[in-house]
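Report on the following structure.
The values are calculated or read from the model by the stated rules, or taken from the named source; none is laboratory data. All values derive from a computational prediction rather than experimental measurement. For neighbour counting, all protein chains shown are included, and Cβ atoms are generated from backbone atoms with ideal geometry for every residue, glycine included. For accessibility, only protein heavy atoms count, side chains too; no ligands or nucleic acids. Shrake-Rupley method; radii C 1.70, N 1.55, O 1.52, S 1.80 Å.
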Amino acid sequence: MAGHVRSRLPYAPPPKGRGARAGRVPVAIVGAGPVGLSAAIDLALKGVASVVVDDDDRVSPGSRAFTWARRTIDIFDRLGVGEAIRAKGVTWRTERVFHGARTLAVIDHAPDAGVAAPAFLNLQQYHVEEILLARCADFPDLIDLRFRHRVTAAEQDAAGVTLDVYTEDGRYRLAADWLLACDGARSSVRGMMDLAFEGEAFEDRFLIADIRSPAPFPDERWFWFAPTFHPGQTAMLHRQPDGMVRLDLQLGPDADPERERLPERVAPRVEAALGGRPFDLDWVSVYAFSARRLAQFVHGRIVFAGDSAHVIPPFGSRGANAGVQDVDNLCWKLALVIGGAAGPELLASYDAERGRAADDNLRRAGRSARFMGPRTPAERLFRDEVLALAVDHAFAQRLIDPGRMSTPCALDGLSLQSADDPAMAGPMGPGAPCLDAPVTDPDGRPGWLLPRLGGRFTLLGVGVEPPAVEGAARLTVGEGGLGDPAGLVAARYPRGVYIIRPDQHVAARWAAPAPRAAAHALARARGAIAEVGP
Amino acid sequence: MTQSGEPTPDDAFAAIVEAHDGLSPEASARLNARLVLLLAERVGDPAAVIRAATAARRGLEDA
Ligand SMILES: Cc1cc2nc3c(=O)[nH]c(=O)nc-3n(C[C@H](O)[C@H](O)[C@H](O)COP(=O)(O)OP(=O)(O)OC[C@H]3O[C@@H](n4cnc5c(N)ncnc54)[C@H](O)[C@@H]3O)c2cc1C
C-alpha cells in the first residue's frame, strides 16, 4: 500500500531562554487536527495569538473524516480556506440508497438553490489539514506551530494554565491564559484532568478503505443495505479527489480487526464491491464507533473542542464537521473575553450551545447506528420491514436512515438569543444559522450574502435600514444597499432588522428598526445580560 | 341494525386477526411490523404514535 505521501511537518526545538513570563501566550492549543488548526486560524483572524503543540508531525494517515457539510464549508469560507477546499474537493448532493440490487431511494440533499456552498464536499482529512496548515502560514506572528511537542501535564489556576511539554530535546513549560484541548478522541488533557467521558460503544466493526481506481465513479453517495457483493451488511461508496474512492463496509460485531485489515482479506471484498474495476489499496482501517461526550466542555480556563469533547459515530459525517462548528462557536467568544470586551461567563454559552449540538448529533447518529446495525430481533424486524415497504410506499422511503446527514444546530431559546419579535414570523428566527443567498453590489457585481456578514456582529436590514448601534457593523439588502437579484434574501429573511453573530447565527430580530432594543439584544448576544427572557 | 357500508371497529379487529391466517409465526411478526408502520403513517400525528407506544408498553416487563 503506497498511501498518500505525507511530508513531515517541521520540528522546532523547545524555546530557549524564554522565561515562563516571556513565553506566556494568550492561547495554547493542544492538537493540530482539523479542529485545533481551525481554532488557530479563527483566533488569528481576530488578532489573538496562539501556540499549537502536537505530538505528531504528519497529517492524517488516511481519508478519515472526508465528507464536509455545507455549514462547515461556510465556516471554511470565513476562515479563508473555502476556495482551496472547493478547488480540490468533489462536491455532491445526490444520495442513492440500494437494498440488494434494487434502488430504494434517491435523496437530494440540496433542496435550497441559490447558496454558494455545495451540499457536501468530499475531501480527505489529510488534504483539509494540509490546506489549513498552509493558511496558518499566513499568520506567522499569530500562529506558532510546534510539531513533535507532547503535552504531558496541564495545571490551571485562576490566572491561567501551565503545560509541561516534552520534546526530543528536552522538556519545557508553556504558560497560557487559556488552553484549548483539541487533542482528539483519546484526549490526553481529558485524561490528565480525570474527566469522565460517558456514553456507549458500538460493537459493529467497519472496514474503511481509500482505493485508487482509474474507473469513473459518479459524484454521489451510494449506500447499500445488504448489497449482493457484501451480504447481510451495509456498504457505502464515495468518490474522493486524486482518482480515489472511499469504501465503508460494515463487518458486524464478530469481525477480528487485525485479520480484516490484512490486504489478502481486504482485496477480495473491494474487488467484489467495485464489480471487477481495477484498483489499488491506498489506506485501510478497521474502525469501531462510540458515542460519548464530556458533561461540560468548559473547565475554568481549559476548553474542549472537537473529538476531545465528544465522539460521534460518523454516520452522516458528524465527527469533524461538529468539531469545526465548535471552533466557529467558541473563537469569537474567547476573543471577546481575551480582549476584555466580555467576561469569562460568555464561555458558558459555548458549553450550552455546542452541548446542544453534541446531544443532537449523538441522538441522530445513534439512531443511524441502530438502523444499520439493529441490536435486537425487534429492531431488525422493523428495519427490514421499512426497507420492504419502501418499494411501494413513499413514507417508508423517508424512514430509511442510511446516516441522516449533518445539519447545523439551531440555538433558539439559549441565553445569547433574544425572544423573537411578535411582529415577525417565518424562517430565520433567533438562533437560526444564516442561510446564504445571492446578492449584488450597488455597482451590480454578483456575490453572496454570507461573506458580507463576515466574522463580526452585524445588524442586517432586509428591506429596512438597520439602526446604528455601537459594536456592530451594518449591512442593508434593498433600500439602496445590496441588491437581491433572485429575491432569495427577501424570501429567506422576512423583512426586518437582524442581529447576526460573528458565527453567522441570528441572535435577535425585529420587524422595524429599534435602536434601544438592538443595543440591548447586542449586549445579550455578547453575554453581558445573564437572565433568560426578553 | 348494522347494515351500513361503513366497517365497524369489530370489522377492523377481525381484519387484523384474519390477515394472520395461515402465516408462520415469523411471517405473522413481519405482518405486525408492517401494520404498525403503516398505521403510524396513517395516523399522521407522531405525538399520538409516541403516546400509543408508551401505552402499549405499559404492563410489559423487561425480559
Ligand atoms: C480510522 C478513522 C476513521 C474515521 N472516519 C471518519 C469518517 O468517515 N467521518 C468522520 O466524520 N469522521 C471520521 N473519523 C473521525 C475524525 O477523524 C475526527 O472526528 C477528527 O479527526 C477530529 O478532529 P480533532 O481535530 O478533534 O482531533 P484529531 O484529528 O484526532 O487531532 C488531535 C491531535 O492531537 C494530538 N495530540 C493528542 N494528544 C496530544 C498531546 N498530549 N500532546 C500533543 N498533541 C497531542 C494528536 O496527535 C492529533 O494530531 C475517523 C477517525 C478515524 C481514526
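Assorted remarks:
Each row is one residue, and each column tells you yes or no for (1) of a type outside the set (Lys, Arg); (2) at pLDDT 95 or above; (3) crowded, with 20+ Cβ neighbours inside 10 Å.
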{"residue": "A:239", "(1), (2), (3)": "no, yes, no"}
{"residue": "A:244", "(1), (2), (3)": "yes, yes, yes"}
{"residue": "A:247", "(1), (2), (3)": "yes, yes, yes"}
{"residue": "A:253", "(1), (2), (3)": "yes, no, no"}
{"residue": "A:258", "(1), (2), (3)": "yes, no, no"}
{"residue": "A:262", "(1), (2), (3)": "yes, no, no"}
{"residue": "A:270", "(1), (2), (3)": "yes, yes, yes"}
{"residue": "A:283", "(1), (2), (3)": "yes, yes, yes"}
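- Residue A:257 being within 12 Å of the ligand (Cβ to nearest atom), away from chain B (no Cβ under 14 Å) and without any contact (Cβ under 8 Å) to a residue 60 or more places away in the chain: yes
- Residue match in the stretch A:428-445 (condition: touching a strand residue (DSSP E or B) at 6+ places or on another chain (Cβ under 8 Å), open to solvent by 10 Å² or more (accessible area, probe 1.4 Å), in a helix (DSSP H, G or I) and not hydroxyl-bearing (Ser, Thr, Tyr)): no
- The set of residues from the stretch A:294-308 being in contact with a strand residue (DSSP E or B) (Cβ under 8 Å, 6 or more places away or on another chain) and near the ligand (Cβ under 8 Å from one of its atoms) comprises A:305, A:308.
- With respect to being near the ligand (Cβ under 10 Å from one of its atoms), under 28 Å from the mean Cα position of the chain (by Cα) and not in a strand (DSSP E or B), residue A:185 fits the description.
Residue by residue, here is whether (1) surrounded by 10 or more Cβ atoms within 10 Å (Cβ to Cβ); (2) over 20 Å from residue A:389 (Cα atoms) holds:
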| site | (1), (2) |
| --- | --- |
| B:7 | yes, yes |
| B:13 | yes, yes |
| B:21 | no, yes |
| B:34 | yes, no |
| B:48 | yes, yes |
| B:51 | yes, yes |
| B:57 | no, yes |
| B:60 | no, yes |
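- Applying the condition of being in a loop (DSSP other than H, G, I, E, B) and open to solvent by 20 Å² or more (accessible area, probe 1.4 Å) to the stretch A:375-390 and asking which residue is farthest from the other protein chains (Cβ to nearest Cβ) yields A:375.
- Residue A:422 vs. criteria open to solvent by 60 Å² or more (accessible area, probe 1.4 Å), within 14 Å of chain B (Cβ to nearest Cβ) and out of contact with any Asp or Glu (no Cβ under 8 Å at 6 or more places or on another chain): no
- Residue, nearest to the other protein chains (Cβ to nearest Cβ), within the stretch A:188-198, restricted to residues that are of a type outside the set (A, V, I, L, M, F, W, C) and within 12 Å of the ligand (Cβ to nearest atom): A:190
- The set of residues in the stretch A:219-245 being within 23 Å of residue A:107 (Cα to Cα), part of a loop (DSSP other than H, G, I, E, B) and touching a residue at least 24 places away in the same chain (Cβ under 8 Å) consists of A:219, A:226, A:227, A:228, A:229, A:230, A:241.
- As for the stretch A:205-214, it holds at least one residue that is more than 26 Å from residue A:119 (Cβ to Cβ), at pLDDT 95 or above and open to solvent by less than 10 Å² (accessible area, probe 1.4 Å).
- Of all residues in the stretch A:309-331, those being away from the ligand (no atom under 12 Å from the Cβ) and either open to solvent by 10 Å² or more (accessible area, probe 1.4 Å) or of a type in the set (A, V, I, L, M) (or both) number 1.
- Residues satisfying the stated conditions in the stretch A:391-412, i.e. of a type in the set (Lys, Arg) and either over 17 Å from residue A:109 (Cα atoms) or away from every other protein chain (no Cβ under 11 Å) (or both): A:404
- Residue match in the stretch A:435-457 (condition: closer than 29 Å to residue A:327 by Cβ and over 28 Å from the mean Cα position of the chain (by Cα)): no
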